[in-house]
């Protein structure tokens, strides 16, 4: 019996950076769309001087 695979989208304010264990666990299973699109970093808003990405969209392709 074949297993059906459905697209998966996981998005949110995760409050972790790419080097964190949480990011590593998720991105091994579901690709980070920012990286897939070749976007190195999307700064988190709204803050006066955004310095890092902590919000992500992961999606199976």
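The values are calculated or read from the model by the stated rules, or taken from the named source; none is laboratory data. On a predicted model such as this, the values are computed, not experimentally measured, just so you know. With ideal geometry, Cβ positions are generated from the backbone for all residues, glycine too; neighbour counts draw on all protein chains shown.
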Legend entry - Complete set of residues in segment 1-14 that are at pLDDT 85 or above and surrounded by fewer than 11 Cβ atoms within 10 Å (Cβ to Cβ): 6, 7, 9, 12, 13
Inset, instruction - Filter segment 40-61 down to residues that are out of contact with any strand residue (DSSP E or B) (no Cβ under 9 Å at 6 or more places or on another chain) and within 20 Å of residue 8 (Cα to Cα), then give me how many there are. - result: 1
Inset, instruction - Please enumerate the residues belonging to segment 26-61 that are surrounded by fewer than 11 Cβ atoms within 10 Å (Cβ to Cβ) and not in a loop (DSSP other than H, G, I, E, B). - result: 28, 29
